[in-house]
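The values are calculated or read from the model by the stated rules, or taken from the named source; none is laboratory data. Being a predicted model, the structure only gives us computed values, none of them experimental. Here the Cβ positions follow ideal geometry from the backbone for every residue, glycine too, while neighbour counts run over all protein chains shown. Surface accessibility is based on the protein's heavy atoms, side chains included, excluding ligands, DNA and RNA. Shrake-Rupley method; radii C 1.70, N 1.55, O 1.52, S 1.80 Å.
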Amino acid sequence: MNLPLALAALLSLPLLAQAAPATPLLVIHGGAGVERPDLSPAEEQAARQALRTALLKGHAELAAGRPALAAVTAAITVLEDDPTFNAGRGAVFTHEGRNELDAALMDGATQAAGAVAGVQRVRNPIQLAQAVMQKSRHVMMVGQGAEAFAVEQGIALVDPSYFRTDKRWQQLQRALKEEAAGQAHADLETARHFGTVGAVALDAQGHLAAGTSTGGMTNKRYGRVGDSPIIGAGTWADARCAVSGTGWGEYYIRSAAAHEICARMRYAGQTPEQAGRGVINEDIPRMGGDGGAIVLSADGKMAAPFNTQGMYRGWIGADGIPHVAIFASETLAVPGQ
């Protein structure tokens, strides 16, 4: 065959199929364990608006073609800055009357991760977790060492009083009085081991990311750290699946909850709904814990399982319209299902 005929034959071959771009999707939570009596109408409205704002902020990153990691960080930063939630400003108090903050971030495309725990002056712990991931050789930093690294990286520090809200302070005072009297907690929110914000995202390149941030639990002692900053427990992302959890951290750690959900999807072929329900609604309650999670797969399917009266939650897709819900009685339309 001469060259022109060979070239013609080559050009006549069908083009290799290229992977279709993914439809970007962002899912967030603001913590499980919310009870209707805990929220005034004004607080409920503020929470819904904060969820919408976080979704829109994260969606703007995806719409601009930026990676899932950027969307997750942007959305969580909004929630950390809003005193409605137990993360950043508005975090709960420890037994000693301090705010100790934890956060983690994971990139599903590379499985790079960064986490911080026990920081007291970092305005946005999720941004410091991102710096740990991208600017250091480590995965987790804690306490004063993490704050020294924040200074080196130009991460904003604030006076500890920035995180204080009267609502959280009063929760601690009630908890201390009940503890001193040997009483069970009368305040449902104080009694629960909840209070976390998180996000998972899928970008146009089909890459996933997950992040989680928390103030921990009211009246915690001894530098207690929950599941949120622990990779595989409260936060996980890989090529197929991304998870952020919220609940009783000790049980999420013991069950490696976030990783377990993704493992069920990988090895058992389960959907996000099946895997999330199996871990959140079956395994963890069987052990004695409770809580919720958000789950997102690389094919754009999501789930938001929880076993409490409510969980602040929402998602936003390509059309840029935020969908939010709080209570279990609310139906949250799920994309791709």
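Computed over the range 284-337, the P(r) tail beyond 18 angstrom holds 37 percent of alpha carbon pairs. Positive-end ranking of 92, 37, 116 along the dipole of the chain, with charges on Cβ about the Cα centre, is headed by 116. The stretch between residue 158 and residue 144 holds 3.7 nm of extra length on full extension. This uses 0.36 nm per residue minus the Cα-Cα distance.
Bridgeable lysines around residue 167 (alpha carbons under 19 Å apart, same-chain partners fewer than 8 residues away excluded): 177, 220. Between the Cα long axis of helix 68-81 and the first principal axis of the chain there is an angle of about 20°, rounded to the nearest 10. For the range 212-286, the Kirkwood estimate of hydrodynamic radius, built from reciprocal distances between every pair of different alpha carbons, is 12.5 Å. Counted residue by residue at 0.36 nm each, then reduced by the alpha carbon distance between them, the extension gain from residue 167 to residue 46 reaches 42.1 nm.
Full extension of the chain segment joining residue 134 with residue 177 gains 11.1 nm, where the gain is 0.36 nm per residue of separation less the Cα-Cα distance. Helical content of the chain, expressed as a calculated mean residue ellipticity at 222 nm, amounts to -10000 deg cm²/dmol (DSSP H runs of 4 or more residues, -39,500 (n - 2.57) each, divided by residue number, nearest 500). Give the Debye-formula value of log10 I(q)/I(0) at each listed q (0.16 Å⁻¹), with one equal scatterer per alpha carbon of the range 98-226, two decimals each. Rounded to two decimals, the profile gives -0.83. Between residue 267 and residue 36, the simple label model (points 7 Å from Cα in the Cβ direction) yields a spacing of 4.1 nm.
Rolling a 1.4 Å probe over the heavy atoms of the protein chains gives the chain an accessible area of 43 Å² per residue. Ordering 233, 296, 216 by Cα displacement along the dipole of the chain toward the positive end leaves 233 in first place; charges were set at the Cβ atoms of Lys, Arg (+1) and Asp, Glu (-1).
Using a 1.4 Å probe on the protein chains only, how many percent of the accessible area of the chain belongs to carbon and sulfur?
Working: 7800 of 14470 Å².
Here carbon and sulfur together make up 54 percent of the probe-accessible area.
Translational diffusion coefficient of the range 178-309 at 37 °C, 0.692 mPa s, Stokes-Einstein with Kirkwood Rh over Cα pairs, in µm²/s as a whole number.
Values: Rh = 14.9 Å.
It diffuses with D of about 220 µm²/s by this estimate.
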